[in-house]
C-alpha cells in the first residue's frame, strides 16, 4: 500500500516533533517537515523516514516549491510565533507576530491549493 504524503510546518518544534513521532510509528506516511530553524542536534525525529526542508512560511515562492515537490495529501500546520516565554520573538514586536501567525498561515493555505 502506498504511503500518504504529509507536510508538517514548524517541523522542528516541540508539538510538530511529537506529531511526527506518532505518525512515524504507524509506518503509513511519507513525511516532509519544514522549518526556518535546523533540527536540534541529537534529534531522533529526523531519520531517513523524514525529509527536512529549511523553509520560511513568509517566503511564498519557496513554500510553493516545497508543496509542489512534496505533493502532500495532508498538511499539519504547527508554526506559530508568540511572546510569552519566547524572548527572541518578543523583541520583534506585534508586526512580526501578525506576519508569522496570519500572513504565514495564509501562505500555507495558498501554497497548498
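Taking the condition modelled with pLDDT of 95 or more, over 12 Å from residue 10 (Cβ atoms) and surrounded by fewer than 18 Cβ atoms within 10 Å (Cβ to Cβ), does residue 61 pass?
Details: modelled with pLDDT of 95 or more: yes; over 12 Å from residue 10 (Cβ atoms): yes; surrounded by fewer than 18 Cβ atoms within 10 Å (Cβ to Cβ): yes.
Yes; evaluated as a whole, the condition is true for this residue.
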Review point. Are any residues in region 1-55 part of a loop (DSSP other than H, G, I, E, B) and at pLDDT 95 or above, and if so, which ones?
Key: 55
Review point. Looking only at region 95-113, which residues are surrounded by fewer than 14 Cβ atoms within 10 Å (Cβ to Cβ), assigned to a helix (DSSP H, G or I) and over 16 Å from the mean Cα position of the chain (by Cα)?
Key: 95, 98
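Identify all residues within region 66-94 that are at pLDDT below 90, assigned to a loop (DSSP other than H, G, I, E, B) and out of contact with any helix residue (DSSP H, G or I) (no Cβ under 7 Å at 6 or more places or on another chain); write none if there are none.
The answer is 84, 85, 86, 91, 92.
The values are calculated or read from the model by the stated rules, or taken from the named source; none is laboratory data. As the structure is a computational prediction, the values presented were derived from the model and not from experiment. With ideal geometry, Cβ positions are generated from the backbone for all residues, glycine too; neighbour counts draw on all protein chains shown.
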